[in-house]
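Remarks on the structure that follows.
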Amino acid sequence: MLSVENSKMKDRKLILMARFSIDYTQDKLIPEIETNCVEYRVDPQLAANFQRNKFAANSLYFHHAHAYADIPIGQEYEAIARMCRGIIIPDSILRCKTTVLAFFSAYKTQPFPHASHGHHENSLIQFQDGIPDMIFDLYEITDKTTSLAYTPDICLCTYETLKANGIKDFKM
């Protein structure tokens, strides 16, 4: 979906830093997004997309690191991997087809048409074949006021991104 001009292939990773707990998502996050959709007059198409996908099967809400580009809703990735200091750990790579169903601003949580380049934001991501176990190693957000604790990052990327990072012989 993104052209190579928009971002260097090597950097095209969506880095997941934390996941929202199911209880917090249902009790606080979703109601907050719904309220903000009305209060801030969110584009009706974005609000409808959120309503359609808010409880999608095999999906979770995440806080992600600075976006490498303006990533559109619907962006697909083919692999998931652990990272250490920004470098993909080759032995951790798994085939994992994912689709970004929605993006949300981190401030006044409301749907956005894309993740804005250079910003930390939130996202709703669907895992086609079920949620991989490594996702549950991420810090779990259970309260809006809690600071994020450091856990190793996990990234979503394409096979082309893996190759651009010098990982040619990954096991899928």
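Can you give the log10 of the normalised intensity I(q)/I(0) at q = 0.14, 0.15, 0.25 Å⁻¹, computed with Debye over equal Cα scatterers of the stretch 124-168?
Results for the stretch 124-168 at q = 0.14, 0.15, 0.25 Å⁻¹ read -0.52, -0.58, -1.04.
Rounded to the nearest 500, what is the chain's calculated 222 nm mean residue ellipticity when only DSSP H runs of at least 4 contribute -39500 (n - 2.57) each, over all residues?
-4000 deg cm²/dmol
Consider the candidate values [x] 12.0; [y] 10.8; [z] 9.5; state which one is mean projected area of the Cα convex hull in nm² computed from the structure displayed.
Entry [z].
Using a Gaussian network model on the chain with a 10 Å cutoff between Cα atoms, which of SER21, SER92, SER116 fluctuates the most?
Fluctuation is largest for SER92.
Within the stretch 94-161, report the chymotrypsin sites (Phe, Trp or Tyr not before Pro) that DSSP leaves as loop and that have at most 13 other Cβ atoms within 10 Å.
Here the sparse-neighbourhood loop sites are TYR107, TYR150.
Step through the residues of the stretch 57-66 one at a time and calculate ³J(HN,Hα) from phi using the Karplus curve (6.51 cos²θ - 1.76 cosθ + 1.60, θ = phi - 60°), rounding each to whole Hz and writing x for Gly and Pro.
In residue order, the calculated couplings are 4, 6, 10, 9, 9, 10, 9, 10, 6, 3 Hz.
Where is the GNM fluctuation largest for the chain (alpha-carbon springs, 10 angstrom cutoff): LYS97, LYS28, LYS54?
LYS28
Does the stretch 7-83 come out rounded, prolate or oblate, given a ≥ b ≥ c as the square roots of the eigenvalues of its C-alpha gyration tensor, rounded meaning a/c under 1.5 and, failing that, prolate meaning a/b above b/c?
Prolate, since a/c reaches 1.5 and a/b exceeds b/c.
Taking the chain, how many lysine pairs are there with alpha carbons less than 23 Å apart, if each pair must be eight or more places apart or span two chains?
Here the count comes out as 22.
For an R0 of 22 angstrom, estimate the FRET efficiency from the Cβ-Cβ distance between HIS120 and ASP169 and round to the nearest 0.05.
It comes out at approximately 0.10.
Tabulate in residue order the Karplus-calculated ³J(HN,Hα) for the stretch 89-100, using 6.51 cos²θ - 1.76 cosθ + 1.60 with θ = phi - 60°, rounded to whole Hz; enter x for Gly and Pro.
Couplings: 8, x, 5, 9, 5, 10, 5, 7, 7, 10, 9, 7 Hz.
Would you mind pulling out the separation of the Cα centroids of the stretch 40-63 and the stretch 8-26, in Å?
15
Can you tell which of LEU124, LEU46, LEU101 shows the greatest fluctuation in a Gaussian network model of the chain with Cα springs below 10 Å?
Comparing LEU124, LEU46, LEU101 in a Gaussian network model of the chain, the most mobile one is LEU46.
Spin-label point model (7 Å from Cα, Cβ direction): what's the ILE22 to MET9 distance in nm?
4.0
Quote the charge dipole size of the stretch 1-148 about the Cα centre in Debye, to the nearest 20; the model charges only the Cβ of Lys and Arg (+1) and of Asp and Glu (-1).
280
Round to the nearest 10 and report in Å² the accessible area of THR145, as given by a 1.4 Å probe over the protein chains' heavy atoms.
Only protein atoms counted, so the area is about 120 Å².
Given Cα pairs under 8 Å that are at least 6 residues apart, what percent is the relative contact order of the chain?
Over the chain, the number comes to 34 percent.
Keeping all protein chains in place and using 1.4 angstrom, which order do ARG82, ARG41 fall into by accessible surface area, from largest down?
Sorted descending by solvent-accessible area, the residues read ARG41, ARG82.
The values are calculated or read from the model by the stated rules, or taken from the named source; none is laboratory data. Since the model is a prediction, treat every value here as computed from it, not as a measurement. A quick note on method: Cβ atoms are made from the backbone with ideal geometry, for glycine too, and the neighbour counts reach across all protein chains shown. Protein only, heavy atoms only, side chains kept; ligands, DNA and RNA dropped before computing areas. Shrake-Rupley method; radii C 1.70, N 1.55, O 1.52, S 1.80 Å.
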